[in-house]
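The values are calculated or read from the model by the stated rules, or taken from the named source; none is laboratory data. Values in this document were obtained by computation on a predicted structure and should not be read as measured data. Here the Cβ is made from the backbone with ideal geometry for all residues, glycine too, and neighbour counts use every protein chain on show.
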Amino acid sequence: GIEATFTVNEGDSISSISGRLRDEGFITNASVFRWYVARKGGVDLVPGYYQITPKSHMGDIMARLKIPPSATFTKVTFPEGFVITQMAERLAEKTMRLSADQFVASANDPSIVSQYRPPAVSTLEGLLFPDTYQVSGDENEAQVVQRMVALLERVARQVGLDDSQKLVGVSPYKALIVASMIEREATLGSDRAKIARVIYNRLEIGMKLQIDATLYYNAPVDATFSDLKALDSPYNTYLYKGLPPTPIASPGRAAIDAALHPAPNPSSGDPICSNAPTPCRYLYYVLSDADGGHTFAATLAQHEANVATARAAGLLP
């Protein structure tokens, strides 16, 4: 059989990995495997990647797990919403071996293929999955980028990205651009799908998105909001209609899911819809509580009232 890679993480034990060994197709029965290993004297697991032949004899699998991988591993966590440059710095800082510049170069390398990157786009921004990775001592920057691309493809496919055209009428890449804006704008999970709906509604009626987070993408650290609002940049959604040219951050699973499954618009009986044109739809939102929750509106008048309330509560500058 062909060998496949199995990852042992920090703090794993035979009981914690037996279920994963079964789920990933290496063994058929987790409890029998645990019993077998215990009878044979147990295994002290070392974190790392193991090459194991699926469905081989339990004794062979146990023998493989007994030999620690030669490489040493560093655990690196990339939070949701990070951009490539932040990931590069985090990787360099944690591994103390890999170079931030080289990671950025790999993330702009056309020979690293993401099936969701359009031919005209050079960057992998938004196509690297934010997660915790075990980076081995013999892995280079390009290999880490490649793994992050592969994980995004796998997760995005699970939430339906390949069907984006059918679900929300945009290409998978554009859905990831939307997901990246949701990632940066939503603090509470309950707001994500509604923010997605606002974005699609504005695109549909040709209204500027006016999403603050797009202004800050790759902006100088000391730039003020009013400076950025006046800046002639394709990422300025106050100036230009439509989506920014690339994602503005690395969306996690929940943000990608929201971009593909936006909340429905309010029903006609909803108080939001009084005095709103038909069809009544979510078009505005503003921060409305200290936890980061937003209040949504269908008309500019409602929105301005919500903004005044938020200002009075000290939530806005």
ask   = aromatic (F, W, Y) and in contact (Cβ under 8 Å) with a residue 40 or more places away in the chain: does that describe Y235?
value = no
key: Matching residues, the range 1-39, being in contact with a helix residue (DSSP H, G or I) (Cβ under 6 Å, 6 or more places away or on another chain), over 23 Å from T132 (Cβ atoms) and among the basic types (K, R)   = R34
task = Quick one: in the range 252-276, of everything that is without any contact (Cβ under 8 Å) to a residue 12 or more places away in the chain and of a type outside the set (S, T, N, Q), which residue is farthest from E125 (Cα to Cα)?
result = G269
task = Mind counting the residues in the range 162-193 that are more than 15 Å from S250 (Cα to Cα) and among the small types (G, A, S)?
result = 6
request  = Mind listing whichever residues of the range 242-254 are crowded, with 20+ Cβ neighbours inside 10 Å and more than 16 Å from the chain's Cα centre (by Cα)?
outcome  = L243, P244
note = Subset of the range 142-191, residues within 23 Å of V104 (Cβ to Cβ), under 13 Å from the mean Cα position of the chain (by Cα) and hydrophobic (A, V, I, L, M, F, W, C), comes to M148, V149, A150, L151, L152, V155, A156, L176, I177, A179, M181
ask   = Taking the condition under 24 Å from I177 (Cβ atoms) and in a loop (DSSP other than H, G, I, E, B), does I248 pass?
value = yes
query = Which one of these does Y285 not meet: (1) out of contact with any strand residue (DSSP E or B) (no Cβ under 7 Å at 6 or more places or on another chain); (2) in contact (Cβ under 8 Å) with a residue 40 or more places away in the chain?
reply = (1)
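Picking from F129, F82, F103, which residue would you name as being in contact with a Phe, Trp or Tyr (Cβ under 9 Å, 6 or more places away or on another chain), at negative phi and not assigned by TED's automatic domain parsing to the domain that holds S180? It would help to see each step written out before you state the result.
Working: F82 fails: in contact with a Phe, Trp or Tyr (Cβ under 9 Å, 6 or more places away or on another chain); F103 fails: in contact with a Phe, Trp or Tyr (Cβ under 9 Å, 6 or more places away or on another chain).
Of F129, F82, F103, the one residue that is in contact with a Phe, Trp or Tyr (Cβ under 9 Å, 6 or more places away or on another chain), at negative phi and not assigned by TED's automatic domain parsing to the domain that holds S180 is F129.
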Filtered residue count, the range 255-283, keeping only those that are farther than 30 Å from D162 by Cβ and surrounded by fewer than 15 Cβ atoms within 10 Å (Cβ to Cβ) = 9
query = Among the residues of the range 251-279, which ones are under 18 Å from E185 (Cβ atoms) and either assigned to a loop (DSSP other than H, G, I, E, B) or in the same structural domain as L128 (by TED's automatic domain parsing) (or both)?
reply = P251, G252, H261, P262, A263
ask   = Which of (1) without any contact (Cβ under 8 Å) to a residue 12 or more places away in the chain; (2) loosely packed, with under 14 Cβ neighbours inside 10 Å; (3) in a helix (DSSP H, G or I) does R22 not meet, given it meets every other one?
value = (2)
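Here is a yes/no grid of residues against (1) touching a residue at least 12 places away in the same chain (Cβ under 8 Å); (2) touching a Gly at 6+ places or on another chain (Cβ under 8 Å); (3) among the aromatic types (F, W, Y); (4) under 22 Å from D291 (Cα atoms):
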site: E185; (1), (2), (3), (4): yes, no, no, yes
site: S190; (1), (2), (3), (4): yes, yes, no, yes
site: A193; (1), (2), (3), (4): yes, no, no, yes
site: L203; (1), (2), (3), (4): yes, yes, no, no
site: K208; (1), (2), (3), (4): yes, no, no, no
site: D212; (1), (2), (3), (4): yes, no, no, yes
site: L215; (1), (2), (3), (4): yes, no, no, no
site: N218; (1), (2), (3), (4): yes, no, no, no
site: V221; (1), (2), (3), (4): no, no, no, no
key: So D257, is it under 11 Å from the mean Cα position of the chain (by Cα) and more than 18 Å from I84 (Cα to Cα)   = yes
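When you go through A290, A308 one by one, which is the residue that is within 21 Å of T187 (Cα to Cα), modelled with pLDDT of 95 or more and among the small types (G, A, S)?
Sole residue among the options that is within 21 Å of T187 (Cα to Cα), modelled with pLDDT of 95 or more and among the small types (G, A, S): A308.
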remark   = Note: among D227, D232, just one is among the acidic types (D, E), in contact with a Leu (Cβ under 7 Å, 6 or more places away or on another chain) and surrounded by fewer than 22 Cβ atoms within 10 Å (Cβ to Cβ), namely D232
